[in-house]
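The values are calculated or read from the model by the stated rules, or taken from the named source; none is laboratory data. All figures in this text were calculated on a predicted structure; none of them were measured in a lab. Note that we place each Cβ from the backbone using ideal geometry, even for glycine, and neighbour counts take in every protein chain shown. These area figures cover heavy atoms from the full protein model, side chains too; ligands, DNA and RNA do not enter into them. Shrake-Rupley method; radii C 1.70, N 1.55, O 1.52, S 1.80 Å.
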Amino acid sequence: MADRSPVLRIITSAARDSLKPLGLAQRGRSRLWIDDHGWWLGVVEFTPPRIAGSGLYVGAMWLWHDVDHLAFHVDAVRVGSELFRTEEQFTPLALDLSRQAAANVTALREQFQALPDIARHLTSRPVRRGFLWDSFDSGIAAALVGDPDTARDHFERVLREDALAPWMVEAQEKARDLHAIAADRDAVTAWVTRAVDSCRSKLGLDLVPFAIADGSRSSSDRAVRQGGLASAAGRSRPGRTSGA
């Protein structure tokens, strides 16, 4: 059912002021906005509470997961819900949330300017048993920057997890395949490129060329935000916070 309260209208107006100038696109008429970098997304969700109002969740999604929903694989910020009482009371709160969103999107861009930056971030995180996707993402990033030993170590961590659900079995199958080709950077790049293209298609995003091997913020990256979001703007599939 469509949100007929003034909350969505107020949030959308605030987000347009803060996020649209940065090049983000709204997913249909939803509370979701995306910052498209070709093979990863910055994701902003003005999270709905149980009653009228909004919170905020900003993070990054790695499109090599090849899923049909938005996800948060790296958290930037979570803000608890601001409740709606009146338009006069809620409007400044929505403006503040949208400014926080813009600041965190900018921080993500600065933190993840290129693939080596992402690889350093992912592989330097403390190992958390039970967080399978941490090791999966770290392994892919390490392999993409030409560090097969680190990549294999992280893929082996994935394989040591107890596969308690079908999605975990699938993740381990992918990790096993990637472990076998970790020393072949071109093969890993080809695997990731296929996964990213498939994920973009599932999300309704235009397919765009991107030199994922060097991770450079090139003109193709800018073109994604300028033109590649056109199809995304018409989609309104709700986001999910699971990488599974």
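Taking the range 71-106 on its own, how many of its residues are in a helix (DSSP H, G or I) and in contact with a His (Cβ under 8 Å, 6 or more places away or on another chain)?
Going through the range 71-106, the residues in a helix (DSSP H, G or I) turn out to be 87-106.
Imposing the further condition that a residue be in contact with a His (Cβ under 8 Å, 6 or more places away or on another chain) reduces the set to none.
Qualifying residue count, the range 71-106: 0.
With respect to PRO126, is the statement that it is farther than 24 Å from ARG194 by Cα, over 20 Å from the mean Cα position of the chain (by Cα) and not in a helix (DSSP H, G or I) true?
On the way: farther than 24 Å from ARG194 by Cα: yes; over 20 Å from the mean Cα position of the chain (by Cα): yes; not in a helix (DSSP H, G or I): yes.
The answer is yes for PRO126.
Name every residue in the range 54-74 that is over 8 Å from the mean Cα position of the chain (by Cα) and within 21 Å of LYS20 (Cα to Cα), in order of residue number. Talk me through it step by step, then tell me what you get.
Let us first name the residues in the range 54-74 that are over 8 Å from the mean Cα position of the chain (by Cα), namely 54-58, 64-69.
Scanning the range 54-74 gives SER54, GLY55, LEU56, TYR57, VAL58.
Looking at (1) over 19 Å from the mean Cα position of the chain (by Cα); (2) without any contact (Cβ under 8 Å) to a residue 12 or more places away in the chain, can you tell me which one GLU82 breaks?
(2)
How many residues does the range 130-141 hold that are in contact (Cβ under 8 Å) with a residue 12 or more places away in the chain, open to solvent by 10 Å² or more (accessible area, probe 1.4 Å) and on the phi < 0 side of the Ramachandran plot? Spell out the reasoning first.
First, pick out the residues of the range 130-141 that are in contact (Cβ under 8 Å) with a residue 12 or more places away in the chain: 130, 132-141.
Filter once more, so that each one left must be open to solvent by 10 Å² or more (accessible area, probe 1.4 Å): 130, 133-135.
Keeping just the survivors that are on the phi < 0 side of the Ramachandran plot gives 133-135.
Adding up the residues that qualify gives 3.
Give the residues of the range 37-78 that are among the aromatic types (Phe, Trp, Tyr) and either closer than 18 Å to ASP134 by Cβ or out of contact with any Ser or Thr (no Cβ under 7 Å at 6 or more places or on another chain) (or both), sorted by residue number. It would help to see each step written out before you state the result.
Residues of the range 37-78 among the aromatic types (Phe, Trp, Tyr): 39-40, 46, 57, 62, 64, 72.
Correct list: TRP39, TRP40, TRP62, TRP64, PHE72.
Take ALA52 and decide whether it is of a type in the set (Gly, Ala, Ser) and either at pLDDT 90 or above or in contact with a Gly (Cβ under 6 Å, 6 or more places away or on another chain) (or both). Working first, answer last.
Details: of a type in the set (Gly, Ala, Ser): yes; either at pLDDT 90 or above or in contact with a Gly (Cβ under 6 Å, 6 or more places away or on another chain) (or both): no.
No: the conditions fail for ALA52.
Surrounded by fewer than 21 Cβ atoms within 10 Å (Cβ to Cβ) and either among the polar types (S, T, N, Q) or touching a Leu at 6+ places or on another chain (Cβ under 6 Å) (or both) - does that describe any residue in the range 149-167? First the steps, then the outcome.
Kept after step one, since they are surrounded by fewer than 21 Cβ atoms within 10 Å (Cβ to Cβ), are these residues of the range 149-167: 149-150, 152-153, 156-157, 159-167.
Of the ones still in play, those that are also either among the polar types (S, T, N, Q) or touching a Leu at 6+ places or on another chain (Cβ under 6 Å) (or both) are 150, 161.
Yes, the range 149-167 contains at least one residue that is surrounded by fewer than 21 Cβ atoms within 10 Å (Cβ to Cβ) and either among the polar types (S, T, N, Q) or touching a Leu at 6+ places or on another chain (Cβ under 6 Å) (or both).
Would you confirm whether any residue within the range 96-108 is touching a residue at least 60 places away in the same chain (Cβ under 8 Å) and open to solvent by 40 Å² or more (accessible area, probe 1.4 Å)?
The answer is yes; a qualifying residue exists.
Every residue, every condition in (1) open to solvent by less than 10 Å² (accessible area, probe 1.4 Å); (2) hydroxyl-bearing (Ser, Thr, Tyr); (3) at positive phi; (4) part of a strand (DSSP E or B), yes or no:
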position	(1), (2), (3), (4)
ARG29	no, no, no, no
ILE34	yes, no, no, yes
GLY42	yes, no, no, yes
THR47	no, yes, no, no
GLY55	yes, no, no, yes
ALA60	yes, no, no, yes
